[in-house]
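One structure is given below, encoded as structure tokens.
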There are 2 protein chains.
Amino acid sequence: MGRKLDDVLEGLGDATDLAGLTAAVYEMRDCYDVEHLVYHSVKSSGDQWAALTYDPTWVEDYTRNNLQTIDPVVLACFNRFTPVDWKRLDWSSRPARALLGEAVASGLGNQGFSLPIHGPSGHFAVFTVNHCSGDESWARFTGAHLNEILLAAHYINERALLIEGVGRGPNPSLSPRETDALTLLAAGRSRAQAAETLRISEHTLRVYIESARFKLGGTNTTHAVANALARGLICL
Amino acid sequence: MGRKLDDVLEGLGDATDLAGLTAAVYEMRDCYDVEHLVYHSVKSSGDQWAALTYDPTWVEDYTRNNLQTIDPVVLACFNRFTPVDWKRLDWSSRPARALLGEAVASGLGNQGFSLPIHGPSGHFAVFTVNHCSGDESWARFTGAHLNEILLAAHYINERALLIEGVGRGPNPSLSPRETDALTLLAAGRSRAQAAETLRISEHTLRVYIESARFKLGGTNTTHAVANALARGLICL
DNA sequence: GCGGCTCTCCCCATAAATGGGGAGGGAATA
DNA sequence: TATTCCCTCCCCATTTATGGGGAGAGCCGC
């Protein structure tokens with residue numbers, strides 16, 4: 001493993017908040033001598049936050065207009081596991097072109113690639129490397145450093161999850177029947193169907209749902225199922 | 001990067017099916033000189049498949065009894081982003097102890113760690129390294145090779161997704177309002193409450209739920225919410 | 001400019017889920 | 001042994017969700 005990565009990871013160890021993470025991102029940018037680095041955590045609920053080296057004006061603009069909802073980079077990463085080269089994306093739509101134009105005007109380089117990062121419970125983030133150079137030297141750069149950057153993105157996300165406190169408190173333990181009930185409901189069965197599948201009366205099934213809902217602190221069945229799913233207590 | 005990883009990645013390039021992937025896993029096991037390696041993809045439908053070096057009898061037993069639903073390793077990985085050392089898990093429950101006993105009886109080593117791998121659309125897999133050794137030498141091994149194995153897991157999953165074709169079936173795209181609706185329902189609101197929050201009529205909200213349900217192929221609201229959650233289209 | 005999609009609103013009737021009771025037997029645990 | 005869960009069953013009435021219609025306005029891409 002290269003010395004560069006080690007340096008970055010060392011700097012990362014001190015990061016206990018967004019400022020620390022940002023510092024680590026800046027340090028990493030200098031290590032690799034690229035224009036910009038971005039760790040961008042996107043929640044589907046619309047919230048987002050980032051540790052990055054972009055111009056604050058651009059960030060403010062991006063945030064205010066919720067540009068992540070039309071950003072081809074974010075959208076592509078959301079459906080992928082493998083890195084995305086910006087050049088290979090579809091920038092033909094009107095809002096995408098506008099986005100690109102504003103980005104370049106704000107000091108972004110012409111080259112970029114982004115790594116999708118998927119976490120538990122639907123957590124999603126993008127790690128982006130941006131630079132200004134010719135296609136050839138850019139290809140050389142990505143070829144030489146992709147693995148290190150992959151690892152760096154992993155560790156930065158690890159740190160980010162720690163800071164964000166994504167790891168929730170301890171999960172309540174569901175009884176087997178409760179798990180069965182919620183699993184079937186999550187799979188689309190109605191209460192009657194689920195009861196039939198489990199060969200118990202619908203009344204009994206209701207008791208399981210109720211107690212599971214109580215344990216999970218859900219206000220209704222859908223809430224309880226969503227909670228159980230997000231906590232990994234059941235899986236589809 | 002070490003030669004070991006390069007060897008593995010080279011072998012991986014030829015893998016176009018499960019057999020090829022399994023061959024690569026065997027090759028990697030020999031490279032690192034450990035007892036067992038496992039790539040275990042747990043599909044959201046409950047189906048699962050794996051490329052591994054375990055005893056087929058044990059695999060058959062595991063599969064038949066759906067042991068992944070009680071396997072502390074799988075359950076822990078599902079909620080985490082960081083590697084999981086088996087020794088740190090809670091094996092106190094009866095089924096977990098039984099699982100562990102059977103596993104050891106089937107030739108698994110006493111040491112193991114597993115890497116969670118989260119992909120798009122709620123895809124989830126576990127990459128496990130298993131070995132039989134003392135705590136100290138095991139710690140040395142993990143310290144020395146964690147990064148390489150992290151990368152190897154990444155590339156194996158990349159290959160697995162390619163073979164499975166998971167990456168190509170993109171999620172149905174929900175409209176912003178549909179996302180809002182499902183998010184609020186997942187958070188426990190009733191339709192009336194959600195409509196009030198969004199400042200639209202409940203009738204309108206229903207239309208969003210309906211169309212989202214249709215896009216997601218859900219039989220009812222709970223199913224649709226569970227699907228959206230599992231695919232990462234919404235998050236709690 | 002047209003077609004497609006999104007967003008918004010409304011009607012009807014029926015099916016389903018919810019809330020809150022009670023009760024007995026069995027298994028595991030402390 | 002006593003206690004604490006878990007599993008199973010049933011009653012009531014009420015609220016809520018569902019299924020299947022229709023309709024107009026606005027935005028965007030081709």
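The values are calculated or read from the model by the stated rules, or taken from the named source; none is laboratory data. For clarity, every value in this text was computed on a predicted model and none was experimentally measured. Cβ coordinates were reconstructed from backbone atoms using ideal geometry, including for glycine residues, and neighbour counts include every protein chain displayed. For the accessible areas, the whole protein counts, side chains as well, though only heavy atoms, and no ligand, DNA or RNA atoms are used. Shrake-Rupley method; radii C 1.70, N 1.55, O 1.52, S 1.80 Å.
Between copies, how far does the label point of A:Phe214 sit from its twins, in nm, shortest first, when each point is 7 Å from Cα along Cα→Cβ?
Here A:Phe214 shows inter-copy label distances of 4.0 nm.
If I take all pairs of Cα atoms in segment A:76-126, what percentage of them are more than 18 Å from each other?
Counting pairs separated by more than 18 Å, the tail of P(r) holds 41 percent.
Show me you know the interface measure: the accessible area buried between A and B, both chains summed, probe 1.4 Å, in Å² to the nearest 100.
3900
In the Gaussian network model of chain B, springs joining C-alpha atoms below 10 Å, which of B:Glu202, B:Glu102, B:Glu158 carries the largest mean-square fluctuation?
B:Glu202
Quick one: label points 7 angstrom along Cα→Cβ at B:Thr63, distances to the other copies in nm, smallest first?
5.0
Placing one identical point scatterer on every Cα of segment B:176-230 and ignoring solvent, what is log10 I(q)/I(0) from the Debye formula at q = 0.13 Å⁻¹?
Result of the Debye calculation: -0.24.
With N set to the residue count of the protein assembly as shown, report its C-alpha Rg divided by 2.2 N^0.38 Å to two decimal places.
For the protein assembly as shown, the normalised Cα radius of gyration comes out at 1.00.
Defining a contact as two alpha carbons under 8 Å apart and six or more residues distant in sequence, what relative contact order in percent does chain B show?
Worked out over chain B, it gives 18 percent.
Within segment A:176-230, what whole-number % of the accessible surface is contributed by carbon and sulfur, with the 1.4 Å probe and all protein chains included in the calculation?
In segment A:176-230, the share of accessible area belonging to carbon and sulfur is 52 percent.
Just need log10 I(q)/I(0) for segment B:3-164 at q = 0.19, 0.21 Å⁻¹, Debye formula, equal scatterers on the alpha-carbon atoms, no solvent, rounded to two decimals.
Once normalised to I(0) and log-transformed, intensities are -1.34, -1.67.
What angle do you read, to the nearest 10 degrees and between 0 and 90, between the alpha-carbon axis of helix B:202-216 and the longest principal axis of chain B?
On a 0 to 90 degree scale, this one is about 30.
I need two numbers for segment B:101-168: Rg to one decimal and Dmax as a whole number, Cα atoms only, in Å.
Every Cα atom of segment B:101-168 included, Rg and Dmax give 14.4, 43 Å.
How high is the FRET efficiency between B:Arg191 and A:Phe214 when r is their beta carbon distance and R₀ equals 35 Å, given to the nearest 0.05?
Plugging the Cβ-Cβ distance into 1/(1 + (r/R0)^6) gives 0.95.
Expressed as an acute angle from 0 to 90° and rounded to the nearest 10, what is the orientation of the C-alpha long axis of helix B:135-164 relative to the principal long axis of chain B?
50
Between A:Val34, A:Val207, A:Val126, find the one with the highest GNM mean-square fluctuation for chain A; connect C-alpha pairs within less than 10 Å.
With Cα springs under 10 Å in chain A, the top fluctuation among A:Val34, A:Val207, A:Val126 is at A:Val207.
Just checking the output field for B:178-191: average partner chain Cβ neighbours within 10 Å of each residue's Cβ?
4
Nearest 10 degrees is fine. How inclined is helix B:221-230 to the longest principal axis of chain B, computing both from alpha carbons?
40
What are the distances, in nm and sorted shortest first, from the label point of B:Ile200 to the label points of the same position in each other copy, with each label point placed 7 Å from Cα along the Cα-to-Cβ direction?
Computed spacing set for this position: 3.7 nm.
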